[in-house]
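Working notes for the structure below.
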Amino acid sequence: MSDTPLPTPLAAPRASGGARLRQLLYEDTAGLHPGLHLATTLARLLPLGYANSERAAILRRVGFTIGAGTLIRGVPRINGARGFFRNLSIGAGCVIDVDCTFDLEERICICDRATIGHQVMILTSSHEIGPREHRAGEVMRAAVLIGDGAWLGPRSIILPGVTIGPGAIVTAGALVNKNVPPHTRVAGAPAKVVEELDPSMV
């Protein structure tokens, strides 16, 4: 047996202290959006349920796409990575009620004349199923589309990748994990079609 010592394994290269600090600062501040924080603070000073068009104008001013005649009754909770302003598009003549949550990791498109009830959550991100040591695995992202004239009832939850068809109704408290056909009403958790609606009904 040789007495020659085995070579010492090479250590993995380490990021410099400055590079690591910059990475940590980036991760810790990714959710900070000074313009949005200022805008939402100003919008929250408006009386709840009043000045709805002014609230929409404030959010439009900071970079969100919001159509004419849209009313925002309470400032939604908005989160997302840097550059998320382009991920929210709200059409004309919509109504956004109080205490809604918009997760803008991916795009949310709310088409014309849609109504979003109070405390609705629209999510565009979740996790893949991971190993037993950490079940919340890799982050997955998928856009959400809310069709023309759709109505999301209070406290409904829309999961990533879902399309709500034009003229559809999501009943209060429903959990929507798959596409909703146009002119139908869905209910339950998970949501299922409970009624076909007349598309010609005025």
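The values are calculated or read from the model by the stated rules, or taken from the named source; none is laboratory data. Bear in mind that the values here come from a model prediction, so they are computed numbers and not experimental data. Here Cβ is always computed from backbone atoms with ideal geometry, including for glycine, and neighbour counts include all displayed protein chains.
Here are the numbers:
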{"quantity": "Per-region count, the stretch 80-92, residues in a loop (DSSP other than H, G, I, E, B) and either buried (at least 17 other Cβ atoms within 10 Å of the Cβ) or not basic (K, R) (or both)", "calculated": "5"}
{"quantity": "Close pairs from the stretch 174-202: first among the hydroxyl-bearing types (S, T, Y), partner assigned to a strand (DSSP E or B) and at pLDDT 95 or above, Cβ under 9 Å, at least 6 apart", "calculated": "T184/I169; T184/V193; T184/V194; T184/E195; T184/E196"}
{"quantity": "Hits in the stretch 57-66 - residues which are more than 17 Å from the chain's Cα centre (by Cα) and aliphatic (A, V, I, L, M)", "calculated": "A57, I58, V62"}
{"quantity": "Criterion (in contact (Cβ under 8 Å) with a residue 12 or more places away in the chain, of a type in the set (G, A, S) and touching a helix residue (DSSP H, G or I) at 6+ places or on another chain (Cβ under 6 Å)) met by exactly one of G74, G165, G69, G63", "calculated": "G63"}
{"quantity": "The stretch 155-173: number of residues that are surrounded by 22 or more Cβ atoms within 10 Å (Cβ to Cβ) and within 15 Å of T101 (Cα to Cα)", "calculated": "2"}
{"quantity": "Number of positions in the stretch 150-202 that are closer than 24 Å to A92 by Cβ, under 19 Å from the mean Cα position of the chain (by Cα) and part of a loop (DSSP other than H, G, I, E, B)", "calculated": "7"}
{"quantity": "Sole exception among (1) in a strand (DSSP E or B); (2) in contact with a Gly (Cβ under 8 Å, 6 or more places away or on another chain) for M140, by number", "calculated": "(2)"}
{"quantity": "The stretch 86-140: number of residues that are of a type in the set (G, A, S) and under 22 Å from R61 (Cα atoms)", "calculated": "5"}
{"quantity": "Residue in the stretch 57-79 that is modelled with the highest pLDDT, counting only those that are aliphatic (A, V, I, L, M), out of contact with any Ser or Thr (no Cβ under 7 Å at 6 or more places or on another chain) and in a loop (DSSP other than H, G, I, E, B)", "calculated": "A68"}
{"quantity": "Scope the stretch 115-125; condition of a type in the set (S, T, Y) and buried (at least 18 other Cβ atoms within 10 Å of the Cβ); matching residues", "calculated": "T115, T124"}
{"quantity": "Residue tally, condition over 12 Å from the mean Cα position of the chain (by Cα), within 21 Å of P160 (Cα to Cα) and in contact (Cβ under 8 Å) with a residue 24 or more places away in the chain, over the stretch 77-93", "calculated": "3"}
{"quantity": "Selected residue [aliphatic (A, V, I, L, M) and over 24 Å from A51 (Cβ atoms)] from L145, L152, L104", "calculated": "L145"}
{"quantity": "Residue that is modelled with the lowest pLDDT, among those in the stretch 98-114 that are closer than 13 Å to R155 by Cα, in contact with a strand residue (DSSP E or B) (Cβ under 8 Å, 6 or more places away or on another chain) and surrounded by fewer than 20 Cβ atoms within 10 Å (Cβ to Cβ)", "calculated": "D99"}
